[in-house]
Each structure stands twice: as structure tokens, then as C-alpha cells.
1. Looking at the stretch 102-117, is at least one residue assigned by TED's automatic domain parsing to the domain that holds residue 238, part of a strand (DSSP E or B), within 30 Å of residue 47 (Cα to Cα) and in contact (Cβ under 8 Å) with a residue 24 or more places away in the chain?
2. Out of 93, 99, 76, which single residue is surrounded by fewer than 14 Cβ atoms within 10 Å (Cβ to Cβ) and within 19 Å of residue 225 (Cβ to Cβ)?
3. Looking at the stretch 149-175 only, could you name the residues that are over 22 Å from residue 65 (Cβ atoms) and crowded, with 23+ Cβ neighbours inside 10 Å?
4. Within the stretch 59-70, does at least one residue satisfy the condition of being modelled with pLDDT under 95 and more than 28 Å from residue 147 (Cα to Cα)?
5. Among the residues of the stretch 254-265 satisfying the criterion of being at pLDDT 95 or above and surrounded by fewer than 19 Cβ atoms within 10 Å (Cβ to Cβ), which is nearest to residue 188 (Cα to Cα)?
6. Out of 191, 195, 178, report the one residue that is at pLDDT 95 or above and touching a strand residue (DSSP E or B) at 6+ places or on another chain (Cβ under 8 Å).
7. Filter the stretch 123-144 down to the residues that are surrounded by 20 or more Cβ atoms within 10 Å (Cβ to Cβ) and more than 18 Å from the chain's Cα centre (by Cα), then identify the one that is nearest to residue 264 (Cα to Cα).
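The values are calculated or read from the model by the stated rules, or taken from the named source; none is laboratory data. Because the structure is predicted, anything quoted here is derived from the model rather than measured. We place every Cβ from the backbone using ideal geometry, glycine too, and count neighbours over all the protein chains shown.
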């Protein structure tokens, strides 16, 4: 399934994308539970999968898409999870996953604007595979980790590099500004993702290619990340792990290049849809 939430911010309705790419309304189905993952869990997603999409009402027009599910208690980031990305930033390849947190107040719809923080000059882009938890995970072994996944999505881990690396303290400060966590457009359930380690990622700025990569080159694959993070903290249904970014970020360019007001960022992950954000001052 490809699950979505559509409509004005704060008034989104649940829906799904059928096999023909048509948006269907789920708001009349009690099984949808507003696509609140802590309520749905994996069992609820299985019930939704039994619905006939062709029997659901079509949604007219092209409404705004919001974050495709609710109930996110944590947005966990993974740093330097691609060796070639580590190299472009001058960092060593980590021996264990680098874990940081993005404030949940940064979460944004996939096509909502990115707002520049006050006096910021180093806002950067990062296309990432998002892994969405569907079952409570606490110290799970790698062999069982993927059984805890509700689905996958696109995440843009927008980052302010001065606040991330030059202002003391942790990365979190540069990662959690409002609008710095676009998620969506879809939550794609695992039955439609044959192998999360074989997904192409891409990102363009103003139509020019910036990032091209594949989850095949992750240092720590998805199952290992879930197992590792679940030892550090309990992962709840609805939590998201942003699994790291491939090379091509602005910080790694020579000279470095960063976003400015008016720029347009487009990005996507194979089979998971695409995002488009306009940068505003």
C-alpha cells in the first residue's frame, strides 16, 4: 500500500494511492484510524490492506499532501552512513552508527516550504530513506528487526551546518529547526519494497543534479540500524529513522554551496515518491 494524508495543514484526511496512481479517500473507513500508527500498529495496517481500493471514493484535484501518518514520537537521524558521504565532508567512516535526534516540531509535509532560520547562511539538503516503525522495538536482534517496520518513506534531513558543527554542542541544534523534516509523500508498506538495500536516491537543486546514490552502499543497513537504535531507546509505532544520506550535499562541494531563498529542492527515493520544496526567507 501507499498511504497518504491530504488536505490543508492540520486538517488532513487519510487516503491511499491505488494501482493506477489515483488518490482514494479513506476518511469514511473506521479501519483507517486517521493513519495514526500507534493506534493502527502492524495489525491495523494488515486490515487496511484487505480493503478494495477501487471501492473507495476518488479524490478530485491535486490537494496538498501532508506527512502520510501521525503518531511520531521520535525522529531519529543517522549520520555519515555512506562512506562516500563521509569522505566528501572530511569525516572518518564511523565504527558504530552516529545517532542524533531531530525535533518533532521540524516535521513538515513533503511539498511544504523550507523556511530559512534567522541569519542563516548554511542551510543544506540531504535526501534519505526513512524507516517507519510499526511495532514496539526494544533491544531487538538484527534477524528480527525488519519485522518491526510499518513502511518506508522519503525524508529530507535539512541541516543548518553552522549550527550543526560550529556553534558547540551536538548536531541536534542544526537539525531541528522548524520545517527541517519533510516526510512523505507516501508511507509505502514493506510488501511493495522488495529490498530496502536496493533503492536509488536522488536530489536536485533548481533542476541541477546534486545527489545520486543507492541504499546498497550504506555502511550500516536498515536492519542493523533498527537493532542498534532499539538498544539506545525504545522505538514506538510511528517513530521514524532517517538512515543517512549519499554524497552530493552542499557542504561537500568545492567550494561549499548552500540553499538560499527562492531555491527549489526536488528529491525522491525509488518507489517511494518525490518531494518538492521552495526555500523561503
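1. Yes, some residue in the stretch 102-117 is assigned by TED's automatic domain parsing to the domain that holds residue 238, part of a strand (DSSP E or B), within 30 Å of residue 47 (Cα to Cα) and in contact (Cβ under 8 Å) with a residue 24 or more places away in the chain.
2. Residue meeting the stated conditions: 93.
3. If the condition is that a residue be over 22 Å from residue 65 (Cβ atoms) and crowded, with 23+ Cβ neighbours inside 10 Å, then 159, 160, 174, 175 are the ones that fit.
4. Within the stretch 59-70, none of the residues are modelled with pLDDT under 95 and more than 28 Å from residue 147 (Cα to Cα).
5. Only one residue fits best here, namely 264.
6. Result of the check over 191, 195, 178: 178.
7. Looking at the filtered set, the residue picked out is 137.
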